[in-house]
Each structure stands twice: as structure tokens, then as C-alpha cells.
Amino acid sequence: MNIDDITTVGVCGAGSMGAGIAQVAAQAGFQVKVVDVSEAVWARAEKTIATSLQRMVKKEIYTEEQMKEIQGRISFSTDVASLATAPLIIEAVFEDINVKKELFTKLDAVCDGNTVYATNTSSIAITEMAALVKQPANFIGMHFFNPVPMMKLVEIIPALQTVSATIELALAFAKRIGKTTITCKDTPGFVVNRLFVPYILDAVRLLEEGVASAEDIDTAMKLGCGMPMGPLEFQDFAGADIGYHVGNIFYEYMKEARFAPPGLLRKMIKAGYLGRKTGKGFYEYSDK
């Protein structure tokens, strides 16, 4: 399959990652079919995409007319069968192997043997996920970064079963949507999260041990290392529950203490202090 033969792309999951992937694919001229469980999720995704595109209009990257054209290329459905004719489907659902297995079982029931599946997982082994589908040779990891319209990198991760044609298609698609790629082996965390997750967890440990305040830890990394966002600010942005879940997945694979989520993170989850989405995490946030 050649990238020039693809006009339609499927996206499973309309959360922040799925919405971002749908947006950049539509910006590149693809028709995008997004599937998720409810219209409430779509509404949030449509709002997210509209807000992102409006920023681009203000920066004169797009005109109002172009923004409407991009939005017009994106459609939503709860029916997995709507993706039956999509030659490339990108999965961006919750980081749980059982959730993903259920989804791929449904996709395999309606898609033909030529469909290429790409997963946006950040922590689950690609080879393990490829084993869930009928044609594992057509399965690959494409790890995007949040916010997708802004972040330029995509990690390309072949499974043990992935054939070269699938790798080439993933690389070509990433290039078509304006991304830079790196290719890496199927190891826990790939490249970015293998380095980044312990960094975030170590910042939580510093706070837990009383080494410095959250504000000072974040200031140290922003001004001392040039990071655009402090580690605890980032964890609030991503969600404490996500950080805890991903850390546990890494720990199960690696059995290294640096990947084990700190007790403070676990307590915050029990208290409902998940970060921005609940209004309180390492910092407090207004409704706005």
C-alpha cells in the first residue's frame, strides 16, 4: 500500500490524543473518521479541535474558510463498522491491554486483511498488541505527543511481526502530516518515555521527601534546564492517574525501582487530586 493511495484515515478514540491526531490528518488533506463511545466525547473533541484551529487562524496559518474545510473532513461515529474501508486506522484509546484487545477484535471483524493498524500506546509492548490481530504484519506503533498539533515528533515502533511495507507506510504518513520521526525497538517506554517517566516520578519523590516545594522543583527545571514546563506541572497536565498507571506498566516490564510510582502519587489519586481535570493536583486550578 502506498501513502498516495490513502484518502481516508480512521482514528479510534476521541480523547486529547485522538482529537489531535484527527486534526493533523485532516490538516494534511485526509478524510478522517473518528470512532468513540459517546456523543459527549465527540463534543469535547470537536471543541478541542475548533479551539486549536482558531489559534492557527489568529496566527494566520489558516483562513476561516480553510479552518471550516479542515473541520469538514472530520466525522464522528460510535460504530466501529464505519472504519471498515479505512486502509489506515490509528488507535488512541485508554492504556489498558484489555480495552485495546476488545477494540481490535471488533476492528478485525469488519476490516479486511490489508488494513494497517497503528497504535498510539506510550507504554504497552507493540509486539504484544500485534499478537491481538489477525494480520500482525500490518501492525505498528506510532507514538504521538501531546498536544499533537504542536509536537513535531512521532516515534515509530515496529513489532517483531511487522513487515517493512508497514514501516514504510507509517513513516510516509507521519511525513505527510508534517511530523519528524525516529524509529526504535519495541522496548518499554520506547525512547522518550523511557527517559521522561523516571524524571517525572523522581520529581514527585523530591516533593514527597520534602527536598523542595512543588513550585521550586518546577522553577529549577524550567530555569536551570530550559524545560518549557516543570515536571509537576506536567504531571498535573497529564493527570496523576495516568502517571501512576504508566509507571506501574513500566515497573511490571522492567522490575526497576525507578519506575515504581511514589506513595504520594497513589495518595493523591485516592483523594481525587488528579491535576487540571479535577481542579487540584500538585497545584490548584480555577474552573477557568
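The values are calculated or read from the model by the stated rules, or taken from the named source; none is laboratory data. Computed from a predicted model, the values in this text were never measured in an experiment. Ideal geometry is used to build each Cβ from the backbone, glycine not excepted, and the neighbour counts take in all protein chains shown.
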**OP:** Kindly list, by first and then second residue, each pair from a residue in segment 197-215 that is without any contact (Cβ under 8 Å) to a residue 12 or more places away in the chain to a residue that is part of a helix (DSSP H, G or I) and buried (at least 18 other Cβ atoms within 10 Å of the Cβ), limited to pairs with Cβ atoms under 6 Å and residues at least 6 apart or on different chains.
**Re:** Leu206/Ile217
Original post:
Do you know which of the residues in segment 208-242 that are of a type in the set (S, T, N, Q) and assigned to a helix (DSSP H, G or I) is nearest to Phe282 (Cα to Cα)?
Top reply: Gln235
**OP:** Name the single residue, out of those in segment 218-254 being polar (S, T, N, Q) and under 20 Å from the mean Cα position of the chain (by Cα), that is surrounded by the most Cβ atoms within 10 Å (Cβ to Cβ).
**Re:** Gln235
Original post:
Out of all the residues in segment 134-148, which are surrounded by fewer than 23 Cβ atoms within 10 Å (Cβ to Cβ) and in a loop (DSSP other than H, G, I, E, B)?
Top reply: Lys134, Gln135, Phe145, Asn146, Pro147
Original post:
Restricting segment 87-114 to residues that are part of a loop (DSSP other than H, G, I, E, B) and of a type in the set (Gly, Ala, Ser), which is nearest to the chain's Cα centre (by Cα)?
Top reply: Ala92
**OP:** Using the structure shown, decide if Ala118 is in the same structural domain as Ala172 (by TED's automatic domain parsing) and in a helix (DSSP H, G or I).
**Re:** no
**OP:** Having 3 or more residues that are at pLDDT below 95 is the bar; report the helices (runs of 4 or more DSSP H) wholly within segment 12-86 that clear it.
**Re:** 39-58
Subject >> Criterion: in contact with a Lys or Arg (Cβ under 7 Å, 6 or more places away or on another chain), of a type in the set (D, E, K, R) and at negative phi - qualifying residue of Asp108, Asp112, Asp36 >> reply: Asp108
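Listed here are the residues, each with its yes/no results for (1) charged (D, E, K, R); (2) in the same structural domain as Ala25 (by TED's automatic domain parsing); (3) touching a strand residue (DSSP E or B) at 6+ places or on another chain (Cβ under 7 Å); (4) assigned to a strand (DSSP E or B).
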| position | (1), (2), (3), (4) |
| --- | --- |
| Met150 | no, yes, no, no |
| Ile157 | no, yes, yes, yes |
| Thr166 | no, yes, yes, no |
| Ala174 | no, yes, yes, no |
| Gly189 | no, no, no, no |
| Leu206 | no, no, no, no |
Original post:
Can you tell which of Ser38, Ser16 is surrounded by 15 or more Cβ atoms within 10 Å (Cβ to Cβ), assigned by TED's automatic domain parsing to the domain that holds Asn138 and under 21 Å from the mean Cα position of the chain (by Cα)?
Top reply: Ser16
